[in-house]
1. Identify, please: which residue in the range 51-78 is of a type in the set (Gly, Ala, Ser) and under 12 Å from Ile93 (Cα atoms) and is, among those, surrounded by the most Cβ atoms within 10 Å (Cβ to Cβ)?
2. Output the residues belonging to the range 41-51 that are in contact with a helix residue (DSSP H, G or I) (Cβ under 6 Å, 6 or more places away or on another chain) and of a type outside the set (Phe, Trp, Tyr).
3. Taking Ser9 as meeting all but one of (1) over 27 Å from Gly129 (Cα atoms); (2) free of Cβ contacts under 8 Å to residues at least 12 places away in the same chain, write down the number of the exception.
4. Starting from the range 95-107, take each residue that is without any contact (Cβ under 8 Å) to a residue 60 or more places away in the chain and within 11 Å of Glu68 (Cα to Cα) and list its partners that are assigned to a strand (DSSP E or B) and of a type in the set (Phe, Trp, Tyr), counting only C-beta distances under 6 angstrom and pairs at least six apart or across chains.
5. How do the strands (runs of 3 or more DSSP E) wholly within the range 1-71 filter down when requiring 3 or more residues that are farther than 13 Å from Lys96 by Cβ: which remain?
6. State whether the residues of the range 134-150 include one that is of a type in the set (D, E, K, R) and within 16 Å of Glu70 (Cβ to Cβ).
7. I need the full set of residues from the range 77-94 which are touching a residue at least 40 places away in the same chain (Cβ under 8 Å) and polar (S, T, N, Q), in order please.
Amino acid sequence: MNLSDIKISKMNIDDLNIIKNNLLTDFDNFWTFDILKNELESKNSLYFVAKLNDEIIGFASIKIILDECELMNIVTKKSYRKNGIGNLLLNVIINKAKELKLTKINLEVSNTNVTAINLYKKAGFKEVGLRNKYYNNENSAILMTLYIHN
């Protein structure tokens, strides 16, 4: 697979309907169709979709809050993970935040998600806090921020 063959565009409701039936099995089980639909329809949210030959292989979103944003998710289809798609989507998010002249991107990530933590650190995110036992009263959430200098 060549990353240059992946097309990134704004996600729409048709894209979401395409992955509706395999959202929980092929992606992750913590973003349900209804949650994603509500977020996609929010005027403060921006969603991007990664496609390879018209197949949806990933998506990412931010929620804009005043002059900053929250990275809500970066999800790659399980069969395409570890191919750089998450990094590609993260770069699109960072560039969009710069374009919108936002001052920072905040996120939270499970302390057990080492792959994501390394992705964010590589992009310049800094650890700024911790929420102990945040996920199901077990895993902690690491709070990270990327400060954007426009």
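1. Ala60
2. Going residue by residue through the range 41-51, those that are in contact with a helix residue (DSSP H, G or I) (Cβ under 6 Å, 6 or more places away or on another chain) are 45, 47-50.
Residues satisfying the conditions are Ser45, Val49, Ala50.
3. Unmet for Ser9, out of (1) over 27 Å from Gly129 (Cα atoms); (2) free of Cβ contacts under 8 Å to residues at least 12 places away in the same chain: (2).
4. From residues that are without any contact (Cβ under 8 Å) to a residue 60 or more places away in the chain and within 11 Å of Glu68 (Cα to Cα), the pairs are Lys104/Tyr147.
5. In the range 1-71, 45-52, 55-65 are the strands (runs of 3 or more DSSP E) which contain 3 or more residues that are farther than 13 Å from Lys96 by Cβ.
6. No, because not a single residue in the range 134-150 is of a type in the set (D, E, K, R) and within 16 Å of Glu70 (Cβ to Cβ).
7. Hits for the range 77-94 are Ser79, Asn83.
Throughout, read-outs are computed from the coordinates displayed, never taken from laboratory work. Everything quoted here is computed from the prediction, not taken from an experiment. For neighbour counting, all protein chains shown are included, and Cβ atoms are generated from backbone atoms with ideal geometry for every residue, glycine included.
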